[in-house]
Amino acid sequence: MDKDQSIIIKRVRKGRHKHHGGSWKIAFADFATAMMAFFLVLWLTSQTTPEQKMAIAGFFHDPAGFSKSASPYVIDLGGSAAVTKGEGIGAPMDEEDAKRLDAEEITSIADQIEETRLESLLSELQAKVEENEMLRRFKDQLIMEITPDGLRIQVVDDSQRPMFDSGSSTLKYYFEDILLEIAPLIGSVPNKISISGHTDATPFMNDEGVGNWELSAARANTARRTLLFGGIRDAQIAQVVGYGESILFDTANPTNPVNRRIDILIMSKRTQNNIERMAGGLEKRAGKAPEVRQQERSNLFDARQRAEQNQLPPDQNF
């Protein structure tokens with residue numbers, strides 16, 4: 001190598017990358033927000049009822065119609081959605097459909113609350129029977145169950161421990177104590193009750209012409225008075241009836257002592273409405289208010305009186 005030859009060492013200095021800015025962070029934040037909103041929509045959708053989904057669909061179909069309602073919310077909390085008619089799951093509802101669905105939903109919720117209340121009462125009654133020594137001795141003569149009509153409590157007779165003397169409507173002291181024990185629990189719920197008396201199929205008729213029908217009604221009324229003394233409100237009693245031997249507990253053995261019983265039904269609201277509808281059925285079937293029917297009867301009565309005074313044939317439609 002020549003002494004005069006120069007040696008050149010070239011050092012390459014690595015430069016820094018050019019700064020890209022923070023735009024990617026904004027894009028990622030937007031993506032994360034969108035995903036959170038997406039999963040939130042999925043969660044809300046899984047929590048809503050079919051009726052609420054239809055209401056939401058109606059809002060997106062006609063937002064202006066919802067803005068005119070009393071409630072500014074997608075799910076109606078008091079207003080009435082004015083949307084157009086349509087078909088299918090995603091179609092909007094008209095006002096009448098919305099009202100009908102609201103009424104059905106309210107009725108369904110009320111039925112569930114009432115069923116829960118009656119089941120709770122049944123549990124309390126069963127617990128009271130188990131913890132009370134006197135009630136526990138008569139456990140086999142207390143039949144309690146939830147039925148479509150409400151909570152039914154049947155106090156049945158026994159040949160060794162009858163509720164009443166033969167042909168009598170006076171309660172034995174021990175069965176009177178049973179009714180007094182359960183009365184406070186029955187009185188703790190707002191439901192109305194029906195009390196019915198039943199006899200077996202053994203024919204009964206005393207010197208005064210009192211038979212099974214009168215006897216069963218008198219025994220039901222005795223149970224009513226005892227329950228009132230025990231704490232049930234008078235307004236809570238919807239009806240007191242005697243069925244005689246027409247509804248047997250043991251149809252295979254009509255003379256079985258269990259057919260002699262007191263039936264206490266803590267009625268569901270639906271059953272109560274049915275009884276009240278039957279009791280006032282004349283006015284409801286005629287489609288007229290009771291006061292209108294009363295005025296019509298008064299007019300017909302006046303017409304009959306005038307006809308009798310004038311010796312004319314009375315109105316046959318009275």
Report task. Identify the single condition in (1) within 30 Å of the chain's Cα centre (by Cα); (2) over 24 Å from Val189 (Cβ atoms); (3) at pLDDT 85 or above; (4) of a type in the set (Asp, Glu) that Asp234 does not satisfy, given that it satisfies every other one. Result -> (2)
Report task. Scan segment 211-226 and give yes if some residue there is among the aliphatic types (A, V, I, L, M), under 24 Å from Leu135 (Cβ atoms) and in contact with an Asp or Glu (Cβ under 7 Å, 6 or more places away or on another chain), otherwise no. Result -> no
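Just to verify a result, which residue in segment 265-290, among those that are among the basic types (Lys, Arg), surrounded by 13 or more Cβ atoms within 10 Å (Cβ to Cβ) and at pLDDT 75 or above, is nearest to Leu118 (Cα to Cα)?
Let us first name the residues in segment 265-290 that are among the basic types (Lys, Arg), namely 269-270, 277, 284-285, 288.
Then drop every residue that is not surrounded by 13 or more Cβ atoms within 10 Å (Cβ to Cβ), which leaves 269-270, 284, 288.
Filter again for at pLDDT 75 or above, leaving 269-270.
Numbers: Lys269: 11, Arg270: 14 Å.
Filtering first and then ranking leaves Lys269.
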**Report entry** Residue that is nearest to Phe175 (Cα to Cα), among those in segment 102-156 that are in a helix (DSSP H, G or I) and among the β-branched types (Val, Ile, Thr)
**Finding:** Val129
Query - Subset of segment 157-192 [β-branched (Val, Ile, Thr) and either under 18 Å from Asn253 (Cα atoms) or in a loop (DSSP other than H, G, I, E, B) (or both)] - result: Thr170, Val189
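Which of the residues belonging to segment 230-240 are in contact with a helix residue (DSSP H, G or I) (Cβ under 8 Å, 6 or more places away or on another chain) and exposed (fewer than 14 other Cβ atoms within 10 Å of the Cβ)? Please lay out each step first, then the result.
Step one: list which residues in segment 230-240 are in contact with a helix residue (DSSP H, G or I) (Cβ under 8 Å, 6 or more places away or on another chain), which gives 230-234, 236-240.
If the condition is that a residue be in contact with a helix residue (DSSP H, G or I) (Cβ under 8 Å, 6 or more places away or on another chain) and exposed (fewer than 14 other Cβ atoms within 10 Å of the Cβ), then Arg233, Asp234 are the ones that fit.
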Query raised in the report: Regarding Asn274, is this residue more than 20 Å from Ser169 (Cα to Cα) and within 27 Å of the chain's Cα centre (by Cα)?
Result: yes
Report summary line: Among the residues of segment 193-221, the number that are within 33 Å of the chain's Cα centre (by Cα), part of a helix (DSSP H, G or I) and buried (at least 22 other Cβ atoms within 10 Å of the Cβ) is 3
Report summary line: Pairing a residue in segment 183-206 that is closer than 26 Å to Arg117 by Cα with any residue that is charged (D, E, K, R) and outside any strand (DSSP E or B), where Cβ atoms lie under 7 Å and the two sit 6 or more apart in sequence or on different chains, gives Leu185/Glu124; Leu185/Lys128; Gly187/Arg233; Val189/Arg117; Ile195/Arg224; Gly197/Arg219
Report task. Within segment 165-192, track down each residue that is surrounded by 22 or more Cβ atoms within 10 Å (Cβ to Cβ) and not β-branched (Val, Ile, Thr). Result -> Leu179
Report summary line: In segment 228-249, anything farther than 17 Å from Gln272 by Cβ and of a type outside the set (Asp, Glu) is listed as Leu228, Phe229, Gly230, Gly231, Gly242, Tyr243, Gly244, Ser246, Ile247, Leu248, Phe249
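The values are calculated or read from the model by the stated rules, or taken from the named source; none is laboratory data. It should be emphasised that the depicted structure is a prediction, and the values quoted were computed from it without experimental measurement. FYI the Cβ positions are ideal-geometry reconstructions off the backbone, even for glycines, and counts take in every protein chain you see.
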